[in-house]
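Below is the structure I would like to discuss, written out as C-alpha cells.
The values are calculated or read from the model by the stated rules, or taken from the named source; none is laboratory data. What you see is a predicted model, and the numbers here were worked out from it, not measured in a lab. With ideal geometry, Cβ positions are generated from the backbone for all residues, glycine too; neighbour counts draw on all protein chains shown.
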Amino acid sequence: MNYSIRPAVETDFPAILAIIKALALFENAPDKVTNSVEQMMEEKDCFRCFVAETEQKKIAGISLYFFAYYTWVGKSLYLDDLYVLEEYRRQGIAAALLQAVFDVAREVNCKRVRWQVLNWNVNAIQLYEKCGATIDNEWSNCDFDRQGIVEFRLE
C-alpha cells in the first residue's frame, strides 16, 4: 500500500479525533477522551501532528507531538500519541511517522525526544527497542484532570 506522511491541517482534525478515539478504545479507556474538534481548533497552537494518508485520502495514522523544556537537558519534543489504525499496521507507517517526528526534533535542535508506551503494548515496545529507544520503567505518571486542577489546594 502506498501512503504519504505530511503535516496535519485543520481539515484533518475530525479524522485525527477519530484516531484518538480508536487509540483510547485500544487502550481500554474510551470514556477518557473529552477532546473535540472544536477544542482542537481552539488549542491548535499547542500541538503539531503528522498524518499518514493513503492514496484514497484516508488518514491511516497519526503522530501528535509538542515541544517541552526539561530541566536536565533543555529543549525537547514530546510525542504524545503515535497510532496507526489496525487495518494499516505492519506496512511501515508507524516507523515513517516516528521518522517524521525525529526529523523535526533534529531540525530544531531538540536535546531529547520522549514518549510513553503501555507496558502491555508488546508490538510498540518491539518497534521502539528496534529503533534504539531506552524504555524506563522507573517513573510513574502524575495526572490531574480539569476538575482536579480547578480544585487543587495545598493545605
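All but one of (1) over 13 Å from the mean Cα position of the chain (by Cα); (2) without any contact (Cβ under 8 Å) to a residue 12 or more places away in the chain hold for F102, so report the exception by its number.
(1)
For L97, only one of the following conditions fails: (1) within 15 Å of E10 (Cβ to Cβ); (2) in contact (Cβ under 8 Å) with a residue 60 or more places away in the chain; (3) not small (G, A, S). What is its number?
(1)
Are any residues in the range 39-63 farther than 26 Å from R114 by Cβ and of a type in the set (S, T, Y), and if so, which ones?
Of everything in the range 39-63, just one residue is farther than 26 Å from R114 by Cβ and of a type in the set (S, T, Y), namely T54.
Could you tell me which of the residues V113, V51, V108 is β-branched (V, I, T), farther than 29 Å from Q147 by Cβ and either touching a Lys or Arg at 6+ places or on another chain (Cβ under 7 Å) or modelled with pLDDT under 95 (or both)?
It is V51.
Mind telling me which of the residues E107, E138, E129 ends up being without any contact (Cβ under 8 Å) to a residue 60 or more places away in the chain and over 25 Å from G74 (Cβ atoms)?
E129 is the lone residue from the list that is without any contact (Cβ under 8 Å) to a residue 60 or more places away in the chain and over 25 Å from G74 (Cβ atoms).
Given the structure, is D143 under 24 Å from R48 (Cα atoms), of a type in the set (D, E) and assigned to a helix (DSSP H, G or I)? Please lay out each step first, then the result.
Details: under 24 Å from R48 (Cα atoms): yes; of a type in the set (D, E): yes; assigned to a helix (DSSP H, G or I): no.
Considered against the rule, which asks whether it is under 24 Å from R48 (Cα atoms), of a type in the set (D, E) and assigned to a helix (DSSP H, G or I), D143 comes out as no.
When you go through K32, K58, K21, K75 one by one, which is the residue that is more than 21 Å from Y128 (Cα to Cα) and in contact with a Cys (Cβ under 9 Å, 6 or more places away or on another chain)?
Values: K32 fails: in contact with a Cys (Cβ under 9 Å, 6 or more places away or on another chain); K58 fails: in contact with a Cys (Cβ under 9 Å, 6 or more places away or on another chain); K21 fails: in contact with a Cys (Cβ under 9 Å, 6 or more places away or on another chain).
The unique qualifying residue is K75.
If C142 passes every condition in (1) exposed (fewer than 15 other Cβ atoms within 10 Å of the Cβ); (2) at pLDDT 95 or above but one, which one does it miss?
The single condition C142 does not satisfy is (2).
Continuing with the same structure: State which residue is surrounded by the most Cβ atoms within 10 Å (Cβ to Cβ) when the search covers only the range 107-136 and only residues that are of a type in the set (G, A, S) and farther than 16 Å from R89 by Cα.
A133
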